[in-house]
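Here the structure comes first, spelled out in structure tokens, and everything after it is commentary.
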Amino acid sequence: MSLEKVKPFTSTIIIWIGLVVFYRIGSVHSGQVRRIWMQDHCRDGVCGDIVIDRTDYVIMSQTAVEKHIILTFVNSSIAKIPHLMFDTFPNLQVLRMENCSVDTFERPQFEGASNLMNLFLGHNRLKEIPRNTFLGADNLNVLMLNHNQLTTLNNYSFHSLKELKQLSLDSNMLESLPSGVFVPLRKLLDINLARNRLKSLPKGIFDSNLNLTHISLAGNSLKTFKSEIFQYQYRIASLDLSDNVLQELTLNFPLLESVCANNCDMRKLTIMGIVRELELRNNSLRDIPHIPNASNVTALDLSHNPLGSLQGNPFRRFSGLLRLNLSSTGLHDVDEGVFKNQAHLKSLDISSNSLFTLKITMFDHLKDLQYFYFQQNNWNCDFLQLIMTSFVKRRDISFLEDSIAPEFVDDYIDGMACWYENTRSSKKCDGSPLTDAALELAIVRNDIDRMMEAIDRKFIKLFQLMEEMKLRL
């Protein structure tokens, strides 16, 4: 072929390449073309002190950098992920751009990102996810969008993410969700929707996510929760509903390893099916929850609920308990047989209550106890001495010492505060004058209290003598 015939063809190629370069590099959206050589800002996969504005079109390297599979950006202000990111780093598998002021996505943002597995964009300023944003990131497994400013999603926000297993939308501003937003995510295992503004969930929103195992809806404004929304998910292991407004809650799952429903102002809880670990801190429960399969519960946290007293044997069905937390529940009286069926209990917390004394025989059933937290109560010193000697120290059980100031305490026994008389109540009087009838009643009650305390002290001393005799024998 003659040179004259080749020239027009060559010129055509040059013109075509020039057009492509002009389109992809020159004056994109009237923005600024900038060269930021990554070798000047990156070391061992960590890149810092990079500033990219919204309108900047950035060239990051003269040639593709194939050796980097992980990139982490720190101390940077990057309004958008550079368009040529995945052309420059074709083998990139993990991209971390947290706290980088990212506020927008380009389209096509993830063209050439077929190797990307994990994307961390938490603590940025993203307000929306446009349709088909993630086209090209076909193999993405982990997507973290927590602590952004997302207010809405659409049914195509996560289109093409067929391999996604973990999604975090924690701490955004979502008030509602479209019913089809999670349909493409058929392999999703873990979803975090905590700390948004959700008041309800659309029916069928998770029907396509059959493999879900970990779900967090904590910190929203849910007033009702229906287990039917997860009717097709048979592998759910953990569910967090904390910090909602769920005064009544019924859970009906075949098996849940862990349920958290703390800080919900809950008055009533019913659990059908099996739950292993149950956290119910800081609610308004006055009774032990109704759980037909309570023998499968291994951990129960009822702290900061107004239980008041434990009469009878409310834990009789909880025979498999290993950990029980009853701290700050207003306990002032506990029946002797309350822990009768807790032979396997390893950790018991009854701290921060109003307990004065207990029947020492109630601890006979706690054969496996290793941790006993009973600080910040109104313990009688004689009883405290007895329980420390005959139970806690004898079995080498771990406990925490009190932090009550000495001026408010009659004595300390092994670091635990105690009183020889029930003087705590008198210290809490408001100082208002008593009527004659009330004064007489108070005197009678005080006499009765003193008599009962004297009897208790004699019983405790007798029990101590018997224990000492047993030790000598």
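The values are calculated or read from the model by the stated rules, or taken from the named source; none is laboratory data. The model shown is predicted, which means the values in this text are computed figures rather than measured ones. Don't worry about glycine lacking a Cβ; one is built from the backbone with ideal geometry, like all the others, and counts go over all protein chains shown.
Would you please name the residue that is surrounded by the most Cβ atoms within 10 Å (Cβ to Cβ), looking only at residues in the stretch 112-165 that are basic (Lys, Arg) and more than 25 Å from the chain's Cα centre (by Cα)?
This residue is Lys162.
Can you confirm whether the stretch 191-204 contains a residue that is more than 25 Å from Val245 (Cβ to Cβ), over 19 Å from the mean Cα position of the chain (by Cα) and assigned to a loop (DSSP other than H, G, I, E, B)? Walk me through it before giving the result.
Our first condition is that a residue be more than 25 Å from Val245 (Cβ to Cβ); within the stretch 191-204, this holds for none.
Looking for residues that are more than 25 Å from Val245 (Cβ to Cβ), over 19 Å from the mean Cα position of the chain (by Cα) and assigned to a loop (DSSP other than H, G, I, E, B), one finds none in the stretch 191-204, hence no.
Can you name every residue in the stretch 241-287 that is surrounded by fewer than 17 Cβ atoms within 10 Å (Cβ to Cβ), touching a strand residue (DSSP E or B) at 6+ places or on another chain (Cβ under 8 Å) and among the aliphatic types (A, V, I, L, M)?
Selection gives Leu255, Met272.
Looking at the structure I just gave you, is Phe158 in contact with a helix residue (DSSP H, G or I) (Cβ under 7 Å, 6 or more places away or on another chain), of a type in the set (A, V, I, L, M, F, W, C) and modelled with pLDDT of 95 or more?
Criteria not met by Phe158.
Test of understanding: among Asp333, Asp349, which residue is among the acidic types (Asp, Glu), touching a Ser or Thr at 6+ places or on another chain (Cβ under 8 Å) and surrounded by fewer than 16 Cβ atoms within 10 Å (Cβ to Cβ)?
Result of the check over Asp333, Asp349: Asp333.
Could you count how many residues in the stretch 224-277 are among the charged types (D, E, K, R), farther than 26 Å from Pro306 by Cβ and over 20 Å from the mean Cα position of the chain (by Cα)?
2
Let me confirm something: among Phe110, Phe158, Phe120, Phe134, which residue is touching a Gly at 6+ places or on another chain (Cβ under 6 Å) and within 21 Å of Arg96 (Cα to Cα)?
Unique residue meeting the criteria: Phe110.
Return only the number of the condition from (1) in contact with a Cys (Cβ under 7 Å, 6 or more places away or on another chain); (2) more than 18 Å from Ser168 (Cα to Cα) that Pro108 does not satisfy.
All conditions are met except number (1).
Out of the stretch 216-230, which residues are in a loop (DSSP other than H, G, I, E, B), crowded, with 20+ Cβ neighbours inside 10 Å and not hydrophobic (A, V, I, L, M, F, W, C)?
Of everything in the stretch 216-230, those that are in a loop (DSSP other than H, G, I, E, B), crowded, with 20+ Cβ neighbours inside 10 Å and not hydrophobic (A, V, I, L, M, F, W, C) turn out to be Gly219, Asn220.
Within the stretch 342-385, how many residues are in a loop (DSSP other than H, G, I, E, B) and either over 23 Å from Pro306 (Cα atoms) or not assigned by TED's automatic domain parsing to the domain that holds Ser309 (or both)?
The total comes to 8.
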